[in-house]
Amino acid sequence: MKKYVFPLIFIFVSCAGNTVKLTTQEEKQVQKVLASKPHMLSSYSTDALSKPLYQRILTAPDFLVKYLIEFDNMPGYKPYAPTAKQLAEISNNIEMLPPYVKKVMQERLLGFYFIDTFLGSGMADFCVDGQGEIYFFIFFNPEILNHSFSEWVTMKDITCFIPDVVAEMKTLDGKNKAYSANSIEIAVSGNYTGFFYTLLHEGTHGVDYVKNITPYIEEIFRSISIFFNKPVKDASVFTKNVWDGIKSPVPEYKFPLRKSITVFGWGGGPKIPMKDAPEVYQSLAGTPFVTLYGATSWAEDLAEFVTYYHMTQKLGQTYTITVKSNGKAVFSYSPMTNDMVKARFASVQLFYQ
């Protein structure tokens, strides 16, 4: 299908049957996304869809690498080829995914792509066929293969905070290292890697793209659904009574500094002083969210919730957040034991169908 034809076929039926219509600007945004090569199914070989999941670890095509470089402004991005040992571990991790994640991946996952020096842990993204059916692929930062689950999620949370520097010392390589009076430790038991965390998280996003477990995974996706005459929900079993909108929890779960939560420097972060970490995690304990990042949107809430539900309730591991000051614990919290969190367990059972 030619690139310029793709969005024009549907322009006459894009809003039929929906109570909400796209504005002219929204329709132009949708057309721009759907006309981009990374988001067109016709840009990809669909041979992968007939292969086992472990055989979908592929080299990112040039157009995808270019897309990422422009998206993140990272000219150093390039494909990474996992070693034989890493491939074996990746294959084992795929087998440990929730059944429904594997089922949807089998039907709609086009590829796993590792990108050297990728910002963050990973990213799920989508493409669309001519009927509006959704497929997806996942990018991974190879560094997640070199860290434990606990190490990686601890580092991720730490990026939310501005360190309280109490001293600076030169390390053996001559660089200055800042030391903070306050620290965060996230402990997930078991011998799992940062890759498994990212696979669970991004795999859940992939399911959400295809099956709309949340009403929609991002704002543009709502517009795409309307464009293709597909129903759009305002709430779902998972989001009901917890979220008023994609980034807006119901009033009782809005807590101080929630809007200042950022990770990996995105959104101009970090924005929260490390000295405020105890207060922030104490606020988290008064909500049904299982991580700080999960409190930022209903899409991240789902991805984090399924990840930690699977780790604790299906794989039998423990999950604890500890905030320390001068080496001493000042706050400790195990989110999966929170009654508000436990009350949501039923909403993710479809991942085990």
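Details
- Partners for Lys156 among aspartates and glutamates (Cα-Cα distance below 20 Å; same-chain residues under 8 apart left out): Asp72, Asp116, Glu143, Asp164, Glu185, Glu202, Asp276, Glu279, Glu300, Asp301, Glu304
- A convex hull fitted to the Cα coordinates of segment 34-134 yields 110 cubic angstrom per residue.
- Considering only chymotrypsin sites (Phe, Trp or Tyr not before Pro) in DSSP loops that have at most 10 other Cβ atoms within 10 Å, the longest stretch of the chain without any of them is 13-353.
- Between the entries [x] 24, 38, 23, 13, 2; [y] 28, 59, 13, 0; [z] 23, 53, 22, 1, the label attached to P(r) over Cα pairs in 20 Å bins from 0, in percent calculated for this structure is [y].
- If only the Cβ of Lys and Arg carry +1 and only the Cβ of Asp and Glu carry -1, the dipole of segment 204-265 around its Cα centre is close to 20 debye.
- The DSSP beta bridges internal to the chain are antiparallel in roughly 75% of cases.
- Carbon and sulfur %, accessible surface of segment 184-232 computed with the full protein complex present, 1.4 Å: 42
- For the chain, the per residue solvent-accessible surface stands at 45 Å², with DNA, RNA and ligands left out and a 1.4 Å probe.
- In this structure, the residue pairs whose Cα-Cα separation is over 24 Å, taken from Lys271/Lys324; Lys28/Lys233; Lys37/Lys271; Lys21/Lys233; Lys271/Lys314; Lys21/Lys259, are Lys37/Lys271; Lys271/Lys314; Lys21/Lys259.
- A simple count of charges around Ala181, restricted to other residues whose Cβ falls under 12 Å of its Cβ and scoring Lys, Arg +1 and Asp, Glu -1, yields +2.
The values are calculated or read from the model by the stated rules, or taken from the named source; none is laboratory data. Since the structure is predicted, the reported quantities are computational estimates derived from the model, not experimental observations. Every residue, glycine among them, receives a Cβ derived from its backbone with ideal geometry; neighbour counts consider all protein chains shown. All accessible areas refer to the heavy atoms of the entire protein, side chains included, with ligands and DNA or RNA removed. Shrake-Rupley method; radii C 1.70, N 1.55, O 1.52, S 1.80 Å.
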